[in-house]
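The values are calculated or read from the model by the stated rules, or taken from the named source; none is laboratory data. Keep in mind the model is a prediction, meaning the values are calculated, not measured. We place every Cβ from the backbone using ideal geometry, glycine too, and count neighbours over all the protein chains shown. Protein only, heavy atoms only, side chains kept; ligands, DNA and RNA dropped before computing areas. Shrake-Rupley method; radii C 1.70, N 1.55, O 1.52, S 1.80 Å.
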Amino acid sequence: MVTRRKFIINSSLAGAAVLALPSLAFSMEKKEIGLQLYTLREELPKDVKSTLKKISDSGYSIVETYGFSIKDQFWGLSPSEFKKILDENDLKVVSGHYNLGSFLYDGNKEELIAAIKAAKTLKSDFLTVPWIDEAYRKNSEDYKKIAVRLNEAAKMCKDEGLKFAYHNHDFEFQKLENGTTGYEILLKETEKDLVFFELDLYWVVRSGNNPLELFAANPWRFKMWHVKDMDKENQSLNSEIGSGSIDFKSFFKQRKISGMMCFFVEQENNYIPNAIDSIKTSYDFISKNLI
């Protein structure tokens, strides 16, 4: 955990570095608002076309995919077929969550290669790892092995013109046998210019940590965020952005240090009154209050 004193020092250093290196500074222009498609996981498989249109009509211009597989592709659509529907609705896929099969554990590259091909077809910027299976993250040595695989995957992505990122939950912040955390190991053991991080703000807060401290200690590594709010009464539930308990304004004020290039709204449950209306409510709050 970063102490308050270290946080202040690191914030000052990071700010000075941004001024000294303007090419690394975050653009303060109005950002596009993205949506993680997992938010509409009930709607998409039923009707991809109409669901993407509703996303676009709600104001979103960028999305992050999920659910790709070699067998079913994107809900029965090939990447090129899916891309055509996205284009018709003026939606750009900036990032995608891809299950890399067993690559992180045994190095089998079959699904990684397929994921890279799909991401390139969609003209994505990032290929993102969404999860580590519990059986493979029991101790610090497991996380170090995962970090090696992440570096390898990131190099393959770079060779194909893609950036590579890792998305967190809360388990990465649990203390391991040596007192460190899995997230600390991944940040330390991965190559800074190759492996970036998509910071899920909800899961960081849920784990009892402060995203601002992560920004200060690891400036510019968090190229993407998941903006997901927490219900005021039940932390296990989400809520529309602005109606929950997370103070997003404080995080957006420090996006320069974070290095955030884009962000995605995500809501996994507790939609009021329904998922489509929920994403519109979140879009409206963000556009009026955060960017």
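Assorted remarks:
- 10 °C / 1.306 mPa s Stokes-Einstein diffusion coefficient of the chain, Kirkwood radius on C-alpha pairs, µm²/s: 81 µm²/s
- Nonlocal amide H pairs with residue 108, under 5 Å, H built at 1.01 Å: 103
- Long-range amide H partners of residue 62 with built H, under 5 Å: 33, 35, 92
- Sites matching trypsin sites (Lys or Arg not before Pro) across the range 88-152 that sit in DSSP coil, with at most 12 neighbouring C-beta atoms within 10 Å: 138
- Under the span-like rule (Cα at least 18 Å along the axis, Kyte-Doolittle mean at least 0.0), DSSP H helices of the chain: 4-20
- Whole-number accessible area per residue in Å² for the range 216-265, which is evaluated in the context of all protein chains at 1.4 Å: 36 Å²
- Share of carbon and sulfur in the accessible heavy-atom surface of the chain [1.4 Å probe, %]: 50 percent
- Computed from backbone phi with θ = phi - 60° and the Karplus coefficients 6.51, -1.76 and 1.60, the 3J(HN,Hα) list for the range 73-78 is 6, 10, 6, x, 9, 5 Hz; x is used for glycine and proline.
- Solvent exposure of the range 107-200 as accessible area per residue, Å², 1.4 Å probe: 47 Å²
- For the chain, the longest site-free run once GluC sites (Glu not before Pro) in DSSP loop states with at most 10 other Cβ atoms within 10 Å are removed: 30-176
- Nonlocal amide H pairs with residue 190, under 5 Å, H built at 1.01 Å: none
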